[in-house]
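Trainee: Provided herewith is a single structure, encoded as C-alpha cells, for subsequent inquiry.
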Amino acid sequence: GGHSGALPLATCLTLMFTLIFPNISKLIAGTGEALGTSLLYIFFATAGAPGLSIADSARASFIPISIFLTLLYSIHGGVLFLAMKIASLRTVKLPNTSPWLPQRLLVASSAAIGGPATAAALAKSNNWNSLVAPSLIVGNLG
C-alpha cells in the first residue's frame, strides 16, 4: 500500500461491499475465488525472485537468512505455545470458541509472519472458510 494505503483501503472496501450487498457477493464469489486463487499462485511464483543469479544470491544470503528465520520462528513459536497454554488454562469456557482456538492462533500466526497471502492459503487449504477474510484483514492491517 505504501504511503497511500491502497491495499488496506481496497481490503476494507471489498469487505464493506460484501457486508452491504451479500446477494451480489454470492453471485460473483466463484469467479472472484478463481481469479484470486490464480493471482495468488502468480504471487507465490514471483515473490522473492532475486535480481542476481540464483546460485550467487543463495550462497551469499543462506547463513544470515537461516539465522534470522530460526530466531523468528523460534520466538514466535514460543509465544504461540505460551498463548495456547494460557488459553487452555482458562477457568471460564466460552461456548463454541475452544475448538476454534488453535485454528485462529495458527491463522493469526501465519498472517503475522507470512502476511495475508500465506494466512489465506492456510485457512483455505484446511477448509476454515470463516477464517479467510479475518486472515486477510490481519495480514493487511497488521
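Trainee: What is the local net charge at Thr18, summed over the other residues whose Cβ is closer than 15 Å to its Cβ (Lys, Arg +1; Asp, Glu -1)?
Mentor: Spelling it out: positives minus negatives among the neighbours equals 0.
Trainee: On to the next question. In sequence order, what are the phi-derived ³J(HN,Hα) couplings for segment 114-121 according to the Karplus relation 6.51 cos²θ - 1.76 cosθ + 1.60 with θ = phi - 60°, rounded to whole Hz, with x for glycine and proline?
Mentor: x, x, x, 5, 6, 5, 5, 5
Trainee: Another question, if that's okay. Using θ = phi - 60° and the Karplus form 6.51 cos²θ - 1.76 cosθ + 1.60, what ³J(HN,Hα) does each residue of segment 26-39 get, whole Hz, x for Gly and Pro?
Mentor: Couplings: 5, 5, 9, 5, x, 5, x, 5, 5, 5, x, 5, 5, 5 Hz.
None of the figures in this text is laboratory data; all of them are computed from the coordinates on show. This is a predicted model, so every value here is computed, not measured. Here the Cβ is made from the backbone with ideal geometry for all residues, glycine too, and neighbour counts use every protein chain on show.
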